[in-house]
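Comments concern the structure below.
The values are calculated or read from the model by the stated rules, or taken from the named source; none is laboratory data. Computed from a prediction, not measured in an experiment: that's the story for all the values here. Quick reminder, even Gly has a Cβ in these numbers, built from the backbone with ideal geometry, and neighbours come from all protein chains shown.
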Amino acid sequence: MQRSERPIIDSSTTMRDATVAPHARFAALRAGGVPLLFLLPAAVLVAVLLLWPFVRTVLLSFTDSNGTSTGSFVGLDNYTSLFNDSILTDSLLNTLYWVIGTLLLPVGIGLIIAVVSFDLPAGAFYRLPFLIPYALSGTAIGVMWEFMLRSRGALNGVLGAVGLSGLEHRWLLDTPLNTWSMIVASTWQSVGVSVLLFLVGLQVIPRDPVEAAKLDGADGFRLFRDITFPLLRPMTIVVVGISLVNSLKTFDIIWVMTQGGPYRSSETLAVTMYRETFLLFRFGYGSAIAVFLSVIVLAVSWIYLSRTVKST
């Protein structure tokens, strides 16, 4: 009877494999955990400075807090009052004015300046006056334009001195002229960033399609319409998206120039939120406006980005 042979197992090899396996798993775990450790400080900052304030705001919107106490739970009363508030209706309308004005003026003027000055020999020199205001703060812009547009300000003074007193207006007192006057002031500041971004887009456009179109006789507006502007589409999406979000949360220029007046006629949602929260101490109602504004910003951004991505 033949005896079956059994494989000889090296005990030292088995012990070495058993020892190496945990070390390999630990090394793999450590390699995957090191990047997470570098992300941890940023994640903590985002959670503390962004996520928790937002959660706290949502919780406050369901209370009647006045800022000194947590207040009592009122359910949806703040949101009900919000949709029945005539001042909020005016704020929504003014916010819509800001969205329209910001998309038409800074984006449109910035595009024109960038395209016209792109191929000029001294293009940087001509662009400089439009770029300098972008370095100033919104508060400084507001103070300067308030001085010019007040009823007895610089603009009306110059118009009266040159015999054009019929063009004098109460730029910051009449509605909706006051809102559009502030949009012009904001345009003077923000057109510079649109110029810069469009210049970046023009620099990355391939020259071959442009040169081929020129050889086919395309020039001027036709070249811009058929070649340049379609190739600028990715950067246009970025500029329009930034301008859209900024217009929805405009605050500093409005507060410096009119403080939302007269009689709260030039308030936007951001200004109304600030007044209700920090001046009238209706923290619950102000938080409800903040949540409402956040929902609008997120919804508009999502709709805009989803449509542009699909069309692209």
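Might you let me know whether the range 241-250 holds any residue that is of a type outside the set (D, E, K, R), out of contact with any helix residue (DSSP H, G or I) (no Cβ under 9 Å at 6 or more places or on another chain) and over 30 Å from Gly157 (Cβ atoms)? Even if it seems obvious, please write down each step before you answer.
Step one: list which residues in the range 241-250 are of a type outside the set (D, E, K, R), which gives 241-248, 250.
Next cut, out of contact with any helix residue (DSSP H, G or I) (no Cβ under 9 Å at 6 or more places or on another chain) only: none.
No, because not a single residue in the range 241-250 is of a type outside the set (D, E, K, R), out of contact with any helix residue (DSSP H, G or I) (no Cβ under 9 Å at 6 or more places or on another chain) and over 30 Å from Gly157 (Cβ atoms).
Before we move on, is Arg233 touching a residue at least 24 places away in the same chain (Cβ under 8 Å) and surrounded by fewer than 16 Cβ atoms within 10 Å (Cβ to Cβ)? Give the steps one after another, and end with the answer.
Values: touching a residue at least 24 places away in the same chain (Cβ under 8 Å): yes; surrounded by fewer than 16 Cβ atoms within 10 Å (Cβ to Cβ): yes.
Here the answer is yes, as Arg233 does meet what is asked.
So Gly284 passes all but one of these: (1) within 21 Å of the chain's Cα centre (by Cα); (2) assigned to a helix (DSSP H, G or I). Which condition number does it fail?
(1)
Out of curiosity, is Ser86 modelled with pLDDT under 95, more than 30 Å from Met235 (Cβ to Cβ) and either of a type in the set (A, V, I, L, M, F, W, C) or surrounded by fewer than 17 Cβ atoms within 10 Å (Cβ to Cβ) (or both)?
For Ser86, the condition - modelled with pLDDT under 95, more than 30 Å from Met235 (Cβ to Cβ) and either of a type in the set (A, V, I, L, M, F, W, C) or surrounded by fewer than 17 Cβ atoms within 10 Å (Cβ to Cβ) (or both) - is met.
Can you find, within the range 251-281, the residue that is nearest to the chain's Cα centre (by Cα) among those that are under 23 Å from Tyr79 (Cβ atoms) and not in a helix (DSSP H, G or I)?
Only one residue tops the list, namely Phe251.
Kindly evaluate Gly241 against the criterion of being of a type in the set (Gly, Ala, Ser) and surrounded by 16 or more Cβ atoms within 10 Å (Cβ to Cβ).
Details: of a type in the set (Gly, Ala, Ser): yes; surrounded by 16 or more Cβ atoms within 10 Å (Cβ to Cβ): no.
Considered against the rule, which asks whether it is of a type in the set (Gly, Ala, Ser) and surrounded by 16 or more Cβ atoms within 10 Å (Cβ to Cβ), Gly241 comes out as no.
For the structure I just gave you, tell me whether Leu76 is under 24 Å from the mean Cα position of the chain (by Cα), more than 20 Å from Gln189 (Cβ to Cβ) and either modelled with pLDDT of 90 or more or among the hydroxyl-bearing types (Ser, Thr, Tyr) (or both).
No; evaluated as a whole, the condition is false for this residue.
May I ask you to list the residues in the range 68-118 that are within 20 Å of Arg56 (Cβ to Cβ) and part of a helix (DSSP H, G or I)?
Scanning the range 68-118 gives Asp77, Asn78, Tyr79, Leu82.
On the given criteria, is Leu199 under 24 Å from Ile254 (Cβ atoms), in a helix (DSSP H, G or I) and in contact (Cβ under 8 Å) with a residue 24 or more places away in the chain? Spell out how you get there, then give the answer.
Values: under 24 Å from Ile254 (Cβ atoms): no; in a helix (DSSP H, G or I): yes; in contact (Cβ under 8 Å) with a residue 24 or more places away in the chain: yes.
No: the conditions fail for Leu199.
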